[in-house]
Amino acid sequence: MIDWPNQGRRHLVFKMLAPEAKNWHLTTMAKSKSYVCSSCGHTTTKWSGRCEACGKWNSISQDKGLSFGAGKASLGNARGTVVELSRLSSKDVLPERTLSGIEELDRVLGGGLVSASATLVGGDPGIGKSTLLLQAAARFAQNGLKTIYISGEEASAQIRLRARRLGLLEASVLLGAETNLRNILTTLAEEKPNLVIIDSIQTVWADSVESAPGSVNQVRVTSHELTNFAKSHGLSVILVGHVTKEGQIAGPRIVEHMVDTVLYFEGERGHQFRILRAVKNRFGPADEIGVFEMTGQGLRQVTNPSALFLSERGEPSPGSVVFAGIEGTRPLLVEIQALVSASPHSQPRRAVIGWDSARLAMVLAVLESRCAIPFKGYDVYLNVAGGLKISEPAADLAVAAALLSALQNLSLPGDTVIFGEISLSGALRPVNQTENRLKEAKKLGFSRAIAPTQEKQTGLKDMRQERVVDLASFVSGMFQEFVP
Ligand code: TYD
Ligand code: MG
């Protein structure tokens, strides 16, 4: 257990911080007025009732954060180092990494945790961030990193309860319950860990900032201090940030540009699947996902997500289509479900879960104007099964197929996967990684793929590939396909 610092030690931390503080950050520049949105972090020079970036009302307030003041920055007393690119040693180029052994996490991190890096893990409250990070902390500690888990949300006793549930009571992780930034930094300076997890950044407060913990200014200053400290002391920091729709608490958005890696933990409440998604990664591919399942004993990684996402699929039914997608570097099959029903409203409903609603509007418009299939007077509901969010345009064709199938109330054969991007002209565009998609489909027992015209993938026996040029020919083909 950590021995929290007493008053005397605070002095030491303050001295350590003082030179930087004097130089630039934490200075309040009341004269050069700028305003910031507490919801999205957008800054502006003029106050208004509504944020022009995120559209939220009453979220703009005066920005008292990191500001030089226009034209007021003076020269510092030390010059920085500059090095010729060609002179960098491979040690500078290839960062040192530690694996957690949880493959789904290591892959999303780009091949393990990079030393002296800063990572943000964002997500809705209750989605499982603390659970994931406690499990990760235990594994990193096991693999040689001295790890401190600092919680401002739960008491150590509560964390121990969770650890017992996760079977991690023996883990050599140091726990701390602290929210004061100075005390946290003092602890880190004395304990010299390799990894610190701050759960959550919204609970940490700096006494040099007037506003309440969780406000934009506090979150900005504390995450800036923590990442700076981590970089200069060679330790890795993982910040947990809640995303709230209310916008009262500053979302982790403003932290995104300060850190090296941004991961979001997503999932639908009431569903056991959880997706860890990299949205920014200075040390690996962005858009990589890791799939987990929330169980009674914590999160379990899912190494074959396609099988899991399709596991709830029954017999072929109207409106259901299997899309062969790619998430990051990995193929992933998911079921797309559509429901089309006569609408009692003059403005029919369009509701989407797991896909982009603007994209749905586009597919509907192309079906109407290029293929003369009217959706006027119908409510349209679209759902990506399993709580996954997909952003690939390659899902267009699968969505169109699901909509047609739902409209006709007829099913597609169960052995078929569909993918392809639809352009506004109604033409179909080939998509990337066709071969990977087909291989994954074959692995899961599908024997037929409908996709845009392109070179036929050879070496895939038992996989019928049907290639279509445009949406109109796809639609006329579909009508002969349907099985009652
Ligand atoms: P938690 O990690 O506290 O979420 P966050 O830190 O993102 O707010 O997880 C919260 C939910 O996870 C909670 O509703 C209980 C559930 N849970 C399980 O289902 N199994 C478990 O083993 C654990 C620890 C939590
Ligand atoms: Mg938590």
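The values are calculated or read from the model by the stated rules, or taken from the named source; none is laboratory data. Please read these numbers as outputs of a predicted model, since none were measured by experiment. Backbone-built Cβ (ideal geometry, glycine too); neighbour counts: all protein chains shown.
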Taking the condition of being surrounded by 21 or more Cβ atoms within 10 Å (Cβ to Cβ) and within 8 Å of ligand 2 (Cβ to nearest atom), how many residues in the stretch 125-141 meet it? 2
Those residues of the stretch 119-153 which are near ligand 1 (Cβ under 8 Å from one of its atoms) and closer than 22 Å to Ala206 by Cα, in sequence order: Glu153
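If you go through the stretch 256-268, how many residues are more than 16 Å from ligand 2 (Cβ to nearest atom) and either modelled with pLDDT of 90 or more or under 19 Å from Ile197 (Cβ atoms) (or both)?
First, pick out the residues of the stretch 256-268 that are more than 16 Å from ligand 2 (Cβ to nearest atom): 256-262, 268.
Checking the rest, the ones that are also either modelled with pLDDT of 90 or more or under 19 Å from Ile197 (Cβ atoms) (or both) come to 256, 258-262.
Residues meeting the conditions: 6.
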What are the residues in the stretch 376-414 that are in a strand (DSSP E or B) and of a type in the set (S, T, N, Q), if any? Asn383, Ser411
Some residue of the stretch 371-381 being crowded, with 18+ Cβ neighbours inside 10 Å, within 23 Å of the chain's Cα centre (by Cα), within 24 Å of Glu268 (Cα to Cα) and not assigned by TED's automatic domain parsing to the domain that holds Arg269: no
Residue satisfying all of: in the stretch 288-326; polar (S, T, N, Q), modelled with pLDDT of 90 or more and touching a Lys or Arg at 6+ places or on another chain (Cβ under 9 Å); farthest from ligand 1 (Cβ to nearest atom) among these: Ser320
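Does Thr303 satisfy the condition of being in contact with an Asp or Glu (Cβ under 8 Å, 6 or more places away or on another chain) and away from ligand 2 (no atom under 16 Å from the Cβ)?
Working: in contact with an Asp or Glu (Cβ under 8 Å, 6 or more places away or on another chain): yes; away from ligand 2 (no atom under 16 Å from the Cβ): yes.
Against the criterion (in contact with an Asp or Glu (Cβ under 8 Å, 6 or more places away or on another chain) and away from ligand 2 (no atom under 16 Å from the Cβ)), Thr303 qualifies.
From the list Gly80, Gly110, which one is part of a loop (DSSP other than H, G, I, E, B), away from ligand 1 (no atom under 16 Å from the Cβ) and either at pLDDT 95 or above or in the same structural domain as Tyr264 (by TED's automatic domain parsing) (or both)? Steps first, answer last, please.
Details: Gly80 fails: either at pLDDT 95 or above or in the same structural domain as Tyr264 (by TED's automatic domain parsing) (or both).
None of the other options fit; the residue is Gly110.
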Can you find a residue in the stretch 87-98 that is crowded, with 21+ Cβ neighbours inside 10 Å and either outside the structural domain of Thr179 (by TED's automatic domain parsing) or more than 16 Å from ligand 1 (Cβ to nearest atom) (or both)? no
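Condition check: more than 16 Å from ligand 2 (Cβ to nearest atom), modelled with pLDDT under 95, under 23 Å from Tyr35 (Cα atoms) and part of a helix (DSSP H, G or I). Does Gln202 satisfy that?
Details: more than 16 Å from ligand 2 (Cβ to nearest atom): no; modelled with pLDDT under 95: yes; under 23 Å from Tyr35 (Cα atoms): yes; part of a helix (DSSP H, G or I): yes.
Taking the combined requirement at face value, the residue does not satisfy it.
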Residue check, Leu188 crowded, with 20+ Cβ neighbours inside 10 Å, under 21 Å from Ser232 (Cα atoms) and not basic (Lys, Arg): yes
For residues that are modelled with pLDDT under 95 and in a loop (DSSP other than H, G, I, E, B), scanning just the stretch 146-165, find the one that is farthest from ligand 2 (Cβ to nearest atom). Ala155
Which residues, taken from the stretch 132-145, are over 27 Å from Asn180 (Cβ atoms) and in a loop (DSSP other than H, G, I, E, B)? Asn143, Gly144
With a cut-off of at least 1 residues that are within 28 Å of Pro452 (Cβ to Cβ), name the strands (runs of 3 or more DSSP E) lying wholly within the stretch 292-347. 320-327, 330-342
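Kindly provide the set of residues from the stretch 413-452 that are among the polar types (S, T, N, Q) and closer than 27 Å to Ser317 by Cα, ordered by number. Lay out the reasoning, then the answer.
To start, the set of residues in the stretch 413-452 that are among the polar types (S, T, N, Q) comprises 416, 423, 425, 432-434, 436, 447.
Passing the criteria: Thr416, Thr434, Asn436, Ser447.
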Sole miss for Ser476 among (1) of a type in the set (S, T, N, Q); (2) buried (at least 19 other Cβ atoms within 10 Å of the Cβ); (3) free of Cβ contacts under 8 Å to residues at least 24 places away in the same chain is condition (2)
If we scan the stretch 107-114, do we find a residue that is within 16 Å of ligand 2 (Cβ to nearest atom) and surrounded by fewer than 19 Cβ atoms within 10 Å (Cβ to Cβ)? no
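Out of Val340, Val334, Val384, report the one residue that is buried (at least 19 other Cβ atoms within 10 Å of the Cβ), in the same structural domain as Ala449 (by TED's automatic domain parsing) and more than 21 Å from the chain's Cα centre (by Cα).
When all the criteria are applied, what remains is Val340.
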Residue satisfying condition, being over 19 Å from Ile102 (Cβ atoms), of a type outside the set (Ser, Thr, Tyr) and in contact with a Ser or Thr (Cβ under 6 Å, 6 or more places away or on another chain), within set Val209, Val216, Val279: Val216
Of the conditions (1) within 16 Å of ligand 2 (Cβ to nearest atom); (2) crowded, with 17+ Cβ neighbours inside 10 Å; (3) in contact (Cβ under 8 Å) with a residue 40 or more places away in the chain, Thr179 satisfies every one except a single condition; which number is it? (3)
Per the list (1) modelled with pLDDT of 90 or more; (2) in contact with a Cys (Cβ under 9 Å, 6 or more places away or on another chain); (3) not polar (S, T, N, Q), residue check on Arg253 breaks on (1)
